[in-house]
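Here is the structure we will look at, set down as structure tokens.
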Amino acid sequence: MKKPIYKLVFGLAAGLLIMASGMAKAQTTMDEFLPKWNNSKQFTIDVLNKMPDSGMDYKTDPAAMSFKEQIHHIGSAIVGISQGFLDGKDPGFSIDIATASKAELADYTAKCFDYGMATMKALSPEQAAEKIEVFGNQVSRRQVMALLMDHTTHHRGSAIAYLRSNGVEPPAFVGF
């Protein structure tokens, strides 16, 4: 009888310890996050550059975004969310996605990532920790930064699938 109770108590204690250590390290520091942000920028541009010009308007489904719209959406979301939730100012640049060349889209995407980084770096630690309402949730601005990274990964993953659908080998992933 003592053995099952011991296992239960030990299991609960271990679970609480794991949860507590996970919460203490749930977010990275700016010094850890920003190099990863730069890797994400380069990886996104590398994915864009792999698609032949003939595949820029490719869609997996008529209702889906095209390849170039996926990449544009990554950049425009970085700008929009940074302006709306990270105290970003007017970026001073835009693009007409309907007429943009691949080179212009790459330049726009790089500017969007740079704008996002500058906006994030401008936040004091107190501002980054401040809880704000975002899409009906109370979250810190650090969580908004993580959302931007997740959103970028999601749409870049779609773009990678578009590459593969066109017989193009995507660039190798770089984690750090």
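Coordinate-derived values only; no laboratory data. All figures in this text were calculated on a predicted structure; none of them were measured in a lab. Ideal geometry is used to build each Cβ from the backbone, glycine not excepted, and the neighbour counts take in all protein chains shown.
Counting only aspartates and glutamates at least 8 places from Lys68 when in the same chain, those with an alpha carbon closer than 14 Å to its own are Asp46, Asp53, Asp57, Asp96, Glu104, Asp107. Would you list, by chain and number, the aspartates and glutamates whose Cα falls below 19 Å from the Cα of Lys121, excluding same-chain residues fewer than 8 positions away? Here the aspartates and glutamates satisfying the reach criterion relative to Lys121 are Asp31, Glu32, Asp87, Asp90, Glu130, Asp150. Put the Cα centre of the range 32-78 next to the Cα centre of the range 124-152 and the gap is 23 Å.
Here the gap between Asn49 and Glu32, fully extended at 0.36 nm per residue and compared with their Cα-Cα distance, gives a gain of 3.5 nm.
A simple rule links phi to the HN-Hα coupling: the Karplus curve 6.51 cos²θ - 1.76 cosθ + 1.60 with θ = phi - 60°, which for the range 144-152 gives 5, 4, 5, 4, 4, 5, 4, 4, 4 Hz, with x for Gly and Pro.
Using a Förster distance of 25 angstrom, determine the FRET efficiency expected from the C-beta separation of Ser140 and Asp90, and round it to 0.05. Efficiency for this residue pair is about 0.55.
Which order, highest average first, do 84-90, 94-100 follow once you tally other Cβ atoms within 10 Å for each residue and take the mean per peptide? Intermediate results must be reported in sequence, preceding the final value.
On the way: 84-90: 15.3, 94-100: 11.9.
Order by mean packing, descending: 84-90, 94-100.
Taking amide hydrogens as placed 1.01 Å from N in the peptide plane, the amide H of Val134 sits under 5 Å from those of Val139, each at least 5 positions away in sequence or on another chain.
Going by average Cβ density within 10 Å per residue, which order do the peptides 148-159, 67-78, 37-48 take, highest to lowest?
On the way: 148-159: 17.3, 67-78: 23.2, 37-48: 19.2.
Final packing ranking: 67-78, 37-48, 148-159.
Counted by neighbouring Cβ atoms within 10 Å, the residues Met120, Met145 run from fewest to most as Met120, Met145.
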